[in-house]
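Working notes for the structure below.
None of the figures in this text is laboratory data; all of them are computed from the coordinates on show. None of these values were measured; they are calculated from a predicted model. Methodologically, a virtual Cβ is constructed for each residue, glycine included, from the backbone with ideal geometry; neighbour enumeration extends over all protein chains shown.
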Amino acid sequence: MSLAFRVEKRDQGSALFRSLTIIASVLVALFVAGFLLLAAGVNPAAAYLEILREALGSTYGISETLVKATPLIITGLAVSVAFRMQIWNIGAEGQIYMGACGATGVALFSGLEAPLMLPAMFAAAFLAGGLWASVAGLLRARWQVNEVIVTLLMNYIAILLADYLIYGPWKNPDGYNFPLTAQFVDAARLSEYFNTRLHSGFFLALFCALAVYLLMERTIWGYQIKAIGSNPAAARYAGMKTGLAIFLVLALSGAIAGIAGFSEVAGLQHRLQHGLSPGYGYTAIIIAWLARRSALGVIIVSLLMGVLLVGGDSLQLSWQLPVAFAYAFQGLILFFLLAGDFFINFRLRRVKEDADA
Amino acid sequence: MLEILLDATVRAGTPILFATLGAIINERAGIINLGIEGLMLIGALSGFAATFASGSLLLGVLAAFVAAFIAGSIHALITVQLRGNQIVSGLALTMFGIGITALFGRGVVGQTIDGFERHAVPLLAQLPLVGKAFFNQDWLIYFSFLLVALIWFFFYRTRWGLELRTIGENPAAADACGIPVNRYRFLAVACGSGFVGIGGAYLSLASTPMWIENMTAGRGWIAVALVIFASWSSFRALFGAYLFGGITAMQLRFQAMGTTVSAHILQMLPYIFTIVVLVISTIRLQKGASQQPGNLGLPYDREDRK
């Protein structure tokens, strides 16, 4: 008797089964990551407990989790909007930087007053992120240039552009030559709550989620995006302008990611500095993939990722783990999610050896 | 002056060349691999660590190949056997590579080794202009020349190569011919990944003989773009990698000359250049003469045959 299996297609199974598979995938990923931690000389059980304690064990921890979740929700939405059309925006990271540059430019040089300043910064960030992504949108819509590669390469350019501004023309003249811009005036800052770093960007993120939900589920445009995503040929036959839609959806996706840049500089950092985003734009891809089609899902997954990031920051301090280790976690989670998908879509049936080969 | 620039071109282009060749082997079998950046890092770290521990550069190169082969096998398992999404799996591989090398690279940060040295090829090295750049180099660069020819030979002069190309074009037809589609695809992804790892090792064993976290700095992505520029041909990959190397060499030269242009702006050049090249080659691709494997990016399921 040997162990031979045949792979069979099956219906996706119930929503409960799918959710359980996703949860199981994440747990297995954490389990495997435990071995990596062990190999790096860190006690995984202690590390995981520390993550939970740091991120959820105190009011401050919870506020920090929400602070981290803020840019994740916004960029997760950005990526998921494009996902609905089977368009891959891997450039949210760069679009965050461009949005931050736009907002910072207005904050430092516009000289606007209180009620106008923040909306103007928001608009500048929205436009900057949108324009940045629309380059990839134009190339994809007009010539079918692979948007994965273009958006990704533009991340490197955007980060270098921000560095150029920080180290060059926008450097704070009174900053003892540190690579930072001047601090924003009060009119250019979002309000903060409860004596923590939690700022109104979090509510802006929730509002974005609502807006994206309404756009996708309650407008013709959202319907077209979904239609083109599920069957481009049929959508074209039905008279939809797929090229234009691709361009617009990438521009919108970039604009939303740009909002995250606005929220980070106006709500949290109050200046433009190097390392503005520790890879939120890449984590956003996982969030969009995990949340599949739901804006609410983006919020939930972002909060979980927020826990992981806050806890990860504390592991860095207590165990001297490198910042980038969070990526190994995220990569593993994705691997196991993909493996989990297999068990959602297929069933393994045991076959006897003497049966058909 | 031109000779120095050409030499720097070859040295800057070689890691990209290995990575592009590895990616071509993946895509010829019909599997997109966006994990190139992560695989290069895994190769760079394992190569460096093995050489640091053993003192042998050959062992370093082998370790880079084997480590990237194993990491590539994860991508192969997910995309071939489990029919998972190739784009997501590749991105996961890149993230995993960045993270895991940051974690395990801590032990060798700041260490140094004796990297690859130059060995002049008699006579050929005396050629005017190109002699020094191409024939007064290290063993890995000579190996990259050989690999370009070998890959061409494999795909166009061997039965296995033909079968692998068939799988990339039309896996159902290959299956009907009795070619074990999944086994070939798995091996192509894993071996291709191994060569990508050697590209990473070139950085840590020859370019700058040390390990630096995230030392690939986007080269893997540039390689992914160059595959399209190269039309999936190893000889064109050589050309593309050196074109990129030339831009990098010029950028470094400008910086060394102390121009007034910001270093940050100069560092953008290779990325901008790669996007421009990608756009041009994509447009050319659509005007016919497409070498793109017909089934690129799609999983194969025998039950879906039409």
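Summary table
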read-out: Amide H contacts of A:Leu180 (H built 1.01 Å from N, under 5 Å, at least 5 apart or other chain); value: A:Asn172
read-out: Label point distance in nm, B:Trp160-A:Leu49, each placed 7 Å from Cα along Cα→Cβ; value: 5.2
read-out: Residue-averaged 222 nm ellipticity for the protein assembly as shown, from DSSP H runs of 4+ at -39500 (n - 2.57), nearest 500; value: -23500 deg cm²/dmol
read-out: Vicinal HN-Hα couplings computed from phi for region A:84-97 (Karplus, 6.51 cos²θ - 1.76 cosθ + 1.60; Hz; Gly/Pro x); value: 4, 9, 6, 10, 9, 9, 8, x, 4, 4, x, 5, 4, 4
read-out: Separation of the B:Arg253 and B:Leu58 label points, Cα + 7 Å toward Cβ, nm; value: 3.7
read-out: Residues of type aspartates and glutamates that B:Lys132 reaches as a straight line, Cα spacing below 18 Å, ignoring anything fewer than 8 places off in the same chain; value: B:Glu3, B:Asp7, B:Glu117
read-out: FRET efficiency for B:Ala176 and B:Thr208, using Cβ-Cβ distance with R0 set to 41 Å, rounded to 0.05; value: 0.25
read-out: Karplus 3J(HN,Hα) series, Hz, for region B:189-198 with 6.51 cos²θ - 1.76 cosθ + 1.60 (x for Gly, Pro); value: 5, 5, 5, x, 4, x, 5, 4, x, 5
read-out: Distance in nm between pseudo-label sites at B:Val261 and A:His274 (7 Å out along the Cβ direction from Cα); value: 2.1
read-out: Most to least packed among A:58-69, B:45-56 [average Cβ atoms within 10 Å]; value: B:45-56, A:58-69
read-out: Count, lysine Cα pairs under 29 Å in chain A, 8 or more residues apart or across chains; value: 4
read-out: Per-residue ³J(HN,Hα) for region B:51-57, Karplus 6.51 cos²θ - 1.76 cosθ + 1.60, θ = phi - 60°, Hz, x for Gly and Pro; value: 5, 4, 6, 9, x, 9, 5
read-out: Residue mean of other protein chain beta carbons inside 10 Å, B:276-285; value: 3
read-out: Paramagnetic reach from B:Leu129 (point 7 Å along Cα→Cβ, amide N under 20 Å) across region B:1-40; value: B:1-13
read-out: Two-site FRET efficiency, A:Arg142 against B:Ile272, from Cβ-Cβ distance with R₀ of 22 Å, rounded to 0.05; value: 0.75
read-out: Length gained when the stretch A:Val323-A:Asp186 is fully extended (0.36 nm per residue, less Cα-Cα span); value: 46.2 nm
read-out: Translational diffusion coefficient (Stokes-Einstein; Kirkwood radius from C-alpha pairs) of region B:1-110 at 20 °C, 1.002 mPa s, in µm²/s; value: 143
